[in-house]
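*Asks:* Dropping the structure in here first, questions after.
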Amino acid sequence: MSYKKRGAVDGIDYDPMKEPRYAELATFMRAPLAANLDNLDIGLIGVPTDLGVTNRPGARHGPREIRNSSSLMRAFNLGLRMNPYDLCRIADIGDVRFASRYDLKSQVDDIAVFYRAVHEAGVLPVTAGGDHFITYPIFKGIAADRPVGMIHIDAHTDTWGEVFGSKFTHAAPFRLAVEDGLLDPARTIQIGIRGGQNQMDGIHFSESSGMRVVFMEEFAKRGVEQIIEEARRIVGDGPTYISFDVDGLDPVYTPGTGTPEIGGISTVDAQRLLHGLRGLNLVGGDVVEVAPPYDQTGNTALVGASLMFEILCLVADSNFGSGKRGSAIR
């Protein structure tokens with residue numbers, strides 16, 4: 001997908017993928033920056049907010065740094081043997097804009113409206129957060145017609161009740177999504193759960209609602225391939241969303257996150273896990289909780305960009321490539 005460089009004296013068409021990686025405006029994966037949703041199949045979106053965090057802020061800076069780090073991505077995915085840009089039209093469609101930077105309930109509405117417009121235009125979203133609460137309003141935008149299933153990689157279930165008197169936190173998006181009929185718990189698997197708890201409310205909700213919870217100890221014992229097999233069986237042929245919290249990885253790979261937990265998934269196993277989801281009926285995905293202020297090396301943002309690229313490839317292949325299933329929710 002090429003476009004004319006605005007303001008260029010010569011007006012030459014160019015492909016940003018072929019420009020030097022240190023040049024031009026930073027966009028996700030060096031994809032074109034789209035001004036609207038016309039003639040677009042997949043939209044790369046940033047949601048720069050962290051008003052839902054319960055402790056350490058910083059994920060509001062995630063989309064910008066993931067954009068910067070994604071300049072290191074290339075077009076061809078060697079692991080999947082595919083080029084998503086050969087399959088469909090992909091562009092960065094910018095960040096969700098907020099009427100208020102200090103009102104989380106207002107931001108829920110802004111995110112939902114944005115993603116509803118994306119959904120109604122037939123565009124599939126691949127998102128960089130932001131804290132994990134953003135997935136709840138994303139579901140309000142794309143899953144209002146029919147609940148989705150979910151493959152959720154995380155250290156935490158994110159199904160708690162109220163925290164400090166509020167149910168609108170990054171500890172609760174999937175509880176809210178189930179209660180609103182946006183997420184089908186019977187078609188949801190949560191992978192990599194671990195760490196200490198002050199209360200078991202979230203674990204109890206996930207398990208009692210019908211979600212499959214794979215604790216890290218089980219993941220390590222059974223191995224990636226068995227977990228892939230189970231994940232595929234659980235989500236089946238229905239519309240499915242991938243939500244990847246970078247604290248699902250061990251903090252040696254992603255120290256720049258708000259709630260790190262030791263003993264997590266490696267980047268190699270994360271890529272193997274994602275590659276094993278090829279061919280599912282994918283309607284979108286996100287990478288969340290990259291908090292650059294806690295990692296001055298930039299590695300967390302690089303990992304986030306790499307995971308986002310993997311999810312982009314899976315969504316493109318699912319809907320437009322050899323693994324095409326078609327999106328039941330579009």
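*Asks:* Do the conditions hold for residue 116, that is, is it among the basic types (Lys, Arg), at pLDDT 95 or above and in a helix (DSSP H, G or I)?
*Replies:* Yes.
*Asks:* Filtering segment 239-261 down to residues that are surrounded by fewer than 24 Cβ atoms within 10 Å (Cβ to Cβ) and under 18 Å from residue 218 (Cβ atoms), which residue is farthest from the chain's Cα centre (by Cα)?
*Replies:* 261
*Asks:* Out of the residues in segment 288-324 that are under 16 Å from the mean Cα position of the chain (by Cα) and not in a helix (DSSP H, G or I), state the one that is surrounded by the most Cβ atoms within 10 Å (Cβ to Cβ).
*Replies:* Taking the candidates together, the pick is 290.
*Asks:* Could you pull out the residue among 264, 279, 236, 195 that is more than 24 Å from residue 51 (Cα to Cα), in contact with a helix residue (DSSP H, G or I) (Cβ under 9 Å, 6 or more places away or on another chain), surrounded by fewer than 18 Cβ atoms within 10 Å (Cβ to Cβ) and not charged (D, E, K, R)?
*Replies:* Working: 264 fails: surrounded by fewer than 18 Cβ atoms within 10 Å (Cβ to Cβ); 236 fails: in contact with a helix residue (DSSP H, G or I) (Cβ under 9 Å, 6 or more places away or on another chain); 195 fails: more than 24 Å from residue 51 (Cα to Cα).
When all the criteria are applied, what remains is 279.
*Asks:* Next question. When you scan segment 66-78, how many residues do you find that are within 22 Å of residue 288 (Cβ to Cβ) and outside any helix (DSSP H, G or I)?
*Replies:* Of segment 66-78, the ones within 22 Å of residue 288 (Cβ to Cβ) are 66-73, 77.
Then drop every residue that is not outside any helix (DSSP H, G or I), which leaves 73, 77.
Summing the residues that are within 22 Å of residue 288 (Cβ to Cβ) and outside any helix (DSSP H, G or I) in segment 66-78 gives 2.
*Asks:* Any residue in segment 50-65 that is part of a helix (DSSP H, G or I) sitting within a Cβ distance under 7 Å of a residue that is hydroxyl-bearing (Ser, Thr, Tyr)? List the pairs, counting only those 6 or more apart or interchain.
*Replies:* Note: pairs meeting the criteria are 60/49.
*Asks:* Ok, one more. Out of the residues in segment 199-216 meeting the condition of being within 19 Å of residue 274 (Cα to Cα) and of a type outside the set (A, V, I, L, M), tell me which one is surrounded by the most Cβ atoms within 10 Å (Cβ to Cβ).
*Replies:* 212
*Asks:* Considering only residues that are surrounded by 13 or more Cβ atoms within 10 Å (Cβ to Cβ), in a loop (DSSP other than H, G, I, E, B) and hydroxyl-bearing (Ser, Thr, Tyr), which ones fall in segment 11-49?
*Replies:* 27, 49
*Asks:* Being in a loop (DSSP other than H, G, I, E, B) and within 22 Å of residue 270 (Cβ to Cβ) is the filter here, so list the residues in segment 189-205 that pass it.
*Replies:* Within segment 189-205, 194, 195 meet the criteria.
*Asks:* If you go through segment 269-287 one residue at a time, do you hit one that is more than 18 Å from residue 132 (Cα to Cα), more than 16 Å from the chain's Cα centre (by Cα), free of Cβ contacts under 8 Å to residues at least 24 places away in the same chain and not in a helix (DSSP H, G or I)?
*Replies:* There is no residue in segment 269-287 that is more than 18 Å from residue 132 (Cα to Cα), more than 16 Å from the chain's Cα centre (by Cα), free of Cβ contacts under 8 Å to residues at least 24 places away in the same chain and not in a helix (DSSP H, G or I).
*Asks:* Please specify each residue of segment 162-184 satisfying the condition of being surrounded by fewer than 22 Cβ atoms within 10 Å (Cβ to Cβ) and part of a strand (DSSP E or B).
*Replies:* 163, 166
*Asks:* Examine segment 131-141 for a residue that is buried (at least 21 other Cβ atoms within 10 Å of the Cβ), in a strand (DSSP E or B) and either within 17 Å of the chain's Cα centre (by Cα) or not acidic (Asp, Glu) (or both), and state whether such a residue exists.
*Replies:* No, segment 131-141 contains no residue that is buried (at least 21 other Cβ atoms within 10 Å of the Cβ), in a strand (DSSP E or B) and either within 17 Å of the chain's Cα centre (by Cα) or not acidic (Asp, Glu) (or both).
*Asks:* Further question on the same structure: Restricting to segment 79-109, count the residues that are within 28 Å of residue 30 (Cα to Cα), part of a loop (DSSP other than H, G, I, E, B) and acidic (Asp, Glu).
*Replies:* Here the count works out to 0.
The values are calculated or read from the model by the stated rules, or taken from the named source; none is laboratory data. This one's a predicted model, so the numbers in the text were calculated from it and none came from an experiment. Because the Cβ atoms are built from the backbone with ideal geometry, glycine has one as well, and the counts that use them run over all protein chains shown.
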